[in-house]
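Below is one structure, written out as structure tokens; the observations come after it.
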Amino acid sequence: MMFLNAYNTFMGDRERVIEDCELMRQALIDFTELDEKIEKQQAEVEVIADKVKILVKENASTPQSQDEYIQKYEGLSKRYEEEYGKLENLQRDKELRKSKDKAMEVFIENLKKQPLVVVEWDESLWALMIEKAVVSKDGSINFIFYNGTEIREEV
């Protein structure tokens with residue numbers, strides 16, 4: 001019964017929920033700022049990689065202290081790993097946002113197909129709409145829909 005109440009409350013304003021979800025999708029797939037960060041980070045990684053190549057080439061062709069060479073090489077290698085890690089994090093963030101966008105697209109399509117009001121338990125409806133339900137000590141349940149909407153049902 002609590003799920004039915006939460007669902008019916010949620011669906012009571014389905015058009016607004018769909019509009020909000022579409023706005024979320026637009027924000028998720030606006031990669032302008034993220035792409036700029038990725039491009040800048042890729043350039044930084046390439047600069048460091050070039051410095052490593054130059055250092056190795058110099059070591060192979062010019063006599064120099066191997067202790068200094070190793071120290072410089074290890075410093076550049078550490079810096080490269082740090083900057084490359086930042087690049088991977090940015091790329092992972094972009095992929096995660098793409099994945100969330102796809103999930104939101106599926107949620108919206110499912111939302112459009114569902115009835116506005118339900119009067120009996122429907123397991124498939126639960127699976128399509130509810131991300132999780134959190135039960136409090138007082139017995140109330142906080143239903144969290146896949147779009148992030150939370151509806152609390154009291155006992």
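The values are calculated or read from the model by the stated rules, or taken from the named source; none is laboratory data. Here the structure is a predicted model, which means the values were calculated and not measured. Here Cβ is always computed from backbone atoms with ideal geometry, including for glycine, and neighbour counts include all displayed protein chains. What goes into the accessible areas is simple: the full protein's heavy atoms, side chains included, and nothing from ligands, DNA or RNA. Shrake-Rupley method; radii C 1.70, N 1.55, O 1.52, S 1.80 Å.
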Query raised in the report: Using θ = phi - 60° and the Karplus curve 6.51 cos²θ - 1.76 cosθ + 1.60, what whole-Hz ³J(HN,Hα) does each residue of the range 106-122 get, with Gly and Pro shown as x?
Result: 5, 4, 4, 4, 5, 4, 5, 8, 8, x, 6, 9, 10, 10, 9, 3, 9
Query raised in the report: When the Karplus curve 6.51 cos²θ - 1.76 cosθ + 1.60 is applied with θ = phi - 60°, which whole-Hz ³J(HN,Hα) does each residue of the range 82-96 get, with x for Gly and Pro?
Result: 5, 5, 5, x, 5, 4, 4, 5, 5, 5, 5, 4, 5, 5, 5
Query raised in the report: So what is the relative contact order of the range 28-92, in percent, for Cα pairs below 8 Å that sit 6 or more residues apart?
Result: 54
Query raised in the report: log10 I(q)/I(0), Debye, Cα-only the chain, no solvent, q = 0.17 Å⁻¹?
Result: -0.98
Query raised in the report: Check E131: other-chain or 5+ apart residues with amide H under 5 Å from its amide H, H built from backbone geometry?
Result: I144, F145, Y146
Report summary line: Taking Cα pairs closer than 8 Å and at least 6 residues apart, the relative contact order of the chain in percent is 33
Query raised in the report: Which value, in Å² rounded to 10, gives the accessible area of K113 with a 1.4 Å probe and all protein chains present?
Result: 150
Query - Carbon plus sulfur fraction of accessible area for the range 1-146, probe 1.4 Å, in percent - result: 52
Query - Solvent-accessible area of S124 with every protein chain in place, 1.4 Å probe, in Å² to the nearest 10 - result: 70
Query raised in the report: Do any chymotrypsin sites (Phe, Trp or Tyr not before Pro) in the range 1-35 lie in a DSSP loop with no more than 15 other beta carbon atoms within 10 Å, and if so, which?
Result: F31
Report summary line: Here the net charge surrounding Q66, from other residues whose Cβ is less than 13 Å away from its Cβ (Lys, Arg +1; Asp, Glu -1), is -3
Requested in this report: Determine one quarter of the surface area of the Cα convex hull of the range 65-155, which equals its mean projected area, and express it in nm² to one decimal.
Outcome: 10.2
Requested in this report: Go ahead and estimate [θ] at 222 nm for the chain from helices alone: -39,500 (n - 2.57) per DSSP H run with n ≥ 4, summed, over the residue count, rounded to 500.
Outcome: -25000 deg cm²/dmol
